[in-house]
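Engineer: The following block contains the structure, expressed as structure tokens.
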Amino acid sequence: MGFGIRQPFLEGRIEIRRDRPVAADQVRDFLSRVVEPEETHGEGGREIPSLDLLDGILKTHLELQRLANLPVFGPWHSFPARTEARDVFLEAHDLFLPYSFPRASVDTLRWLESLINAFARSPAAVNNRLEEIRKSRDQLISQLSVFGLKGTNNFYFAKAAHELALPAIRIDSNIMAIGQGASTRWIDSSLTDQAPFMSVALAKDKERTALFLNHHGLPGPTHKVCRSEEEAIRLAGDLGYPVVIKPADQEQGRGVFAGLRDEQSVALAYREAAKLSRKILVEKFIFGEDYRFTVAHGQIVKIMHRVPGRVIGDGMTTIDGLVAREQGTERSQKILRMSGKMRLELDAEAQMLLTHQGLSSESIPEEGRVVRLRGKANISAGGSHILIAHEQVHPENLELALQVARTFRLDIAGIDLIIPDVKASWKDRGGIICEVNAQPQIGIRDTPMIYREILASMFQSAESVVLHLLVNPDGMETGILHREAQRLLQQLNCNGLALAEGVWIAGKALACQPSSGFSAAQSMIHDQALTSGLIVMSVSEILQRGLPAPEFATGTLLGLAAKVSHASRRILRLVKPHVDDLRRPDCADMDLA
């Protein structure tokens with residue numbers, strides 16, 4: 001980290017020719033049509049056209065990676081490069097770009113370089129190939145997604161951490177560590193380090209969940225376990241049609257078939273569900289609407305009325321065509337790129353429901369007719385949702401969702417309630433908790449601040465972990481450096497010390513062998529015993545590796561020569577934005593302009 005960039009960064013150089021006639025605003029407009037960003041490229045208008053162009057390129061570079069679920073958010077840093085015998089037509093800039101995975105950033109820049117150079121040579125020719133270029137973009141995003149976070153929850157929690165100025169480090173493709181030292185929290189999608197393993201295991205097993213709910217006087221579903229197709233049909237008859245067939249151990253609606261009304265449908269549903277699990281449930285179908293209550297830290301933060309996947313007739317298009325149209329939307333394509341699967345398809349469940357509605361894939365439904373293609377209402381299965389205000393829900397239904405989360409001891413949970421009328425109490429109108437999700441998809445549409453609010457509540461009572469930085473010149477005598485470090489350690493009241501020789505917390509050496517001051521700092525920052533730490537690094541190591549943390553209360557620069565040099569300017573440029581109180585005891589003030 002450095003230069004105001006709160007993520008690891010790559011250093012590189014970009015060269016822009018002044019003799020090319022293409023204007024910066026033309027390139028910006030072209031890039032916005034290629035990438036179709038969620039966030040605008042901005043209006044441009046920088047006084048220097050090359051910097052205006054550079055902004056557009058680098059913003060697109062970040063946007064392309066974010067489309068692949070790579071958590072890179074900016075800012076970036078650039079300044080004119082020092083070059084020998086500069087070509088009068090060539091302008092060079094040194095770049096410092098945030099990255100999540102270096103290769104992903106490099107591949108994105110190479111793709112953009114080729115694209116922009118082609119556009120500069122012949123804008124008209126490139127504009128005529130826009131669809132081809134967009135396919136190339138989708139291929140790039142697919143390649144980049146290998147490096148991306150798994151799932152939208154992880155990405156938006158990483159984004160929220162960035163907005164809240166909380167350090168976030170990827171432990172692997174699923175788990176992130178947010179915060180530092182004693183305030184560190186781990187999160188995997190919406191599963192946190194405070195969710196008990198037993199609670200998660202209980203919620204994942206639908207049979208155990210129902211028994212647990214009923215044991216606590218909470219409305220759970222009525223179902224039976226079946227081991228064969230024949231047993232499923234027999235149990236369906238015993239329970240009475242309609243019924244639901246679903247695996248006991250799957251999530252996000254996988255293998256769930258709802259509203260089954262005959263033996264043939266039950267047999268087909270059992271065969272499909274059995275592909276995913278050995279434990280299949282036959283459940284009594286409850287008539288009502290599907291609502292997801294998202295609970296976080298004792299508060300209901302979101303209520304969604306979930307509508308099963310469907311298409312709506314226009315009187316001209318076949319159902320097959322309506323589904324293809326839905327699959328071709330930008331939202332469906334984005335979900336396909338991120339998840340690797342299409343949400344709405346004419347699969348076995350859809351074909352079965354079409355038969356029940358007296359339709360086939362070649363039918364042309366009249367204008368306005370709703371054609372249901374899913375029995376379940378999960379968003380991941382092609383459903384949609386309507387945001388519901390708390391005031392529209394009966395207070396006893398709100399309390400039910402909170403009680404279920406408390407009973408399961410889950411800090412974050414998705415409580416799914418099926419009820420005829422959510423404005424009436426479940427005690428009066430009936431209703432069941434059909435599922436308790438210990439790792440719910442939260443979703444950002446309609447609630448753009450929700451991830452930030454949940455993450456802020458996680459750190460509401462956390463004590464800040466304060467870091468300090470000591471920068472020593474290369475070649476400084478070890479004894480002198482250690483004495484200065486110990487003096488600062490006591491003066492700043494730190495319980496942790498990290499330098500190239502090792503890491504100490506509360507006077508005890510950690511069982512690690514750091515390869516550098518940077519790796520020592522990382523070991524210390526991740527230790528939950530740390531409450532305040534001093535990090536010692538050399539000038540050359542910081543210039544080579546950057547800073548190991550985004551924020552320091554103080555920074556002491558030892559032995560920095562009073563004579564202004566390129567190296568001294570650069571170390572100050574790198575460090576200064578990250579330090580609240582920069583101390584240079586033996587150095588005259590430097591102009592960084």
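The values are calculated or read from the model by the stated rules, or taken from the named source; none is laboratory data. As the structure is a prediction and not an experimental result, all values here were calculated from the model. Neighbour counts run over all protein chains shown; Cβ positions are idealised from the backbone, glycine included. Just the protein is used for accessible areas: all its heavy atoms, side chains included, with ligands, DNA and RNA removed. Shrake-Rupley method; radii C 1.70, N 1.55, O 1.52, S 1.80 Å.
Engineer: Describe numerically, in nm with one decimal, the distance between label points set 7 Å from Cα along Cα→Cβ at residue 33 and at residue 508.
Structural biologist: 6.5
Engineer: Using the alpha-carbon atoms, what tilt in degrees (0 to 90, nearest 10) does helix 24-35 show relative to the longest principal axis of the chain?
Structural biologist: 30
Engineer: What accessible area per residue, rounded to a whole number of Å², is obtained for the stretch 213-327 using a probe radius of 1.4 Å?
Structural biologist: Averaged over the residues of the stretch 213-327, the accessible area is 44 Å².
Engineer: Now a separate question. What is the Cα centroid distance between the stretch 442-466 and the stretch 317-371, reported in whole angstrom?
Structural biologist: After rounding, the separation between the Cα centres reads 36 Å.
Engineer: Taking square-rooted eigenvalues a ≥ b ≥ c of the alpha carbon gyration tensor, is the stretch 445-577 rounded, prolate or oblate, where a/c under 1.5 means rounded and, failing that, a/b exceeding b/c means prolate?
Structural biologist: Oblate, because a/c is 1.5 or more while a/b does not exceed b/c.
Engineer: Considering only protein heavy atoms and a 1.4 Å probe, what is the carbon-and-sulfur percentage of the accessible area of the stretch 262-381?
Structural biologist: Details: 2750 of 5490 Å².
On the stretch 262-381, the fraction of accessible area on carbon and sulfur atoms equals 50 percent.
Engineer: Lysines near residue 279 by alpha-carbon distance under 18 Å, same-chain residues fewer than 8 away left out - which ones?
Structural biologist: 204, 206, 224, 246
Engineer: Could you grab the relative contact order for the chain? Cα pairs under 8 Å, six or more apart, rounded to a whole percent. Display every interim value, and only then the final one.
Structural biologist: Working: 1124 pairs, mean separation 79.6, N = 593.
The normalised contact order for the chain reaches 13 percent.
Engineer: Could I ask something else about it? Need one number: nm distance between label points at residue 117 and residue 198, each 7 Å from Cα along Cα→Cβ, rounded to one decimal.
Structural biologist: Label at residue 117, label at residue 198, 6.3 nm between them.
Engineer: Hey, another quick one. For the stretch 209-283, taking Cα atoms only, what is the radius of gyration to one decimal and the Dmax to the nearest whole Å?
Structural biologist: Every Cα atom of the stretch 209-283 included, Rg and Dmax give 11.8, 36 Å.
Engineer: Once you have the alpha carbon radius of gyration of the stretch 346-460, what is it after dividing by 2.2 N^0.38 Å, with N set to its residue count?
Structural biologist: Ratio of Cα Rg to 2.2 N^0.38 Å: 1.34.
Engineer: Additional query: Among the lysines, which fall within straight-line cross-link reach of residue 576, defined as a Cα-Cα distance under 26 Å, with same-chain neighbours fewer than 8 residues apart omitted?
Structural biologist: Excluding near neighbours in sequence, the set is 59, 159, 563.
Engineer: Next question, about the same structure. For the chain, what does the helix formula give at 222 nm: sum of -39500 (n - 2.57) over DSSP H segments with n ≥ 4, over the residue count, nearest 500 deg cm²/dmol?
Structural biologist: Helix-only estimate at 222 nm: -11000 deg cm²/dmol.
Engineer: Excluding ligands and nucleic acids, what accessible area in Å² is computed for residue 481 using a 1.4 Å probe, to the nearest 10?
Structural biologist: Only protein atoms counted, so the area is about 20 Å².
Engineer: Tell me the angle of helix 152-163 to the major Cα principal axis of the chain, expressed in degrees between 0 and 90 and rounded to the nearest ten.
Structural biologist: It is inclined by approximately 40 degrees.
Engineer: Using Cα positions and a limit of under 20 Å, work out the lysines in reach of residue 427, with same-chain residues fewer than 8 apart set aside.
Structural biologist: The reachable lysines, counting only those whose Cα sits under 20 Å from residue 427, are 284.
Engineer: For residue 17 and residue 287 in the same chain, what is the full-extension length gain: residue separation times 0.36 nm, less their Cα-Cα distance, in nm?
Structural biologist: 90.5 nm
Engineer: If you roll a 1.4 Å probe over the heavy atoms of the protein chains, what accessible area per residue do you get for the stretch 138-197, in Å²?
Structural biologist: Per residue, the stretch 138-197 has 40 Å² of solvent-accessible surface.
Engineer: Using only alpha carbon positions, build the gyration tensor of the chain, then give the equivalent ellipsoid semi-axes as the square roots of 5 times its eigenvalues, largest first, whole angstrom.
Structural biologist: Calculated on Cα positions only, the semi-axes equal 52, 34, 18 Å.
Engineer: Taking only the alpha-carbon atoms of the stretch 235-367, what semi-axes of the equivalent ellipsoid follow from 5 times the gyration tensor eigenvalues under a square root, in whole Å, largest first?
Structural biologist: 25, 23, 16
Engineer: On to the next question. Solvent-accessible area of residue 260, probe 1.4 Å, all protein chains present, reported in Å² to the nearest ten, please.
Structural biologist: The accessible area comes out at roughly 0 Å².
Engineer: If you don't mind, there's one more thing I want to ask. Suppose we flag chymotrypsin sites (Phe, Trp or Tyr not before Pro) only when DSSP calls them loop and at most 13 other Cβ atoms lie within 10 Å. Which is the longest uninterrupted stretch of the chain?
Structural biologist: 288-593
Engineer: Next question, about the same structure. In the stretch 473-576, what GluC sites (Glu not before Pro) fall in a loop by DSSP, with at most 16 other Cβ atoms inside 10 Å? Mind showing how you got there, number by number?
Structural biologist: Working: sites: 477, 484, 501, 541, 551; in loops: 477, 501, 551.
Filter output for the stretch 473-576: 477, 501.
Engineer: Considering the Cα positions of the stretch 290-383, please state its Rg to one decimal place and its Dmax as a whole number of Å.
Structural biologist: Spelled out, the Cα radius of gyration and Dmax of the stretch 290-383 are 15.0, 49 Å.
Engineer: Now, a different point. Using only Cα atoms and rounding to the nearest 10 degrees, what angle (0 to 90) does helix 102-121 make with the longest principal axis of the chain?
Structural biologist: Computed tilt is about 90 degrees.
Engineer: Residue 490 to residue 127: extension gain in nm, 0.36 nm per residue of separation minus the Cα-Cα distance?
Structural biologist: Full extension from residue 490 to residue 127 adds 124.3 nm.
Engineer: Shifting gears a bit: Please identify the trypsin sites (Lys or Arg not before Pro) of the stretch 422-526 that satisfy two criteria: DSSP loop assignment and at most 13 other Cβ atoms within 10 Å. Which are they?
Structural biologist: Passing both the DSSP loop test and the Cβ count: 423, 445.
Engineer: Work out Dmax and Rg for the stretch 84-144 from the C-alpha atoms and quote the Rg first, both in angstrom.
Structural biologist: Reported Rg and Dmax, both Å: 14.7, 41.
Engineer: Note the full-extension length gain between residue 409 and residue 262 as 0.36 nm times their separation in residues minus their Cα-Cα distance, in nm to one decimal.
Structural biologist: Here the answer is 49.0 nm.
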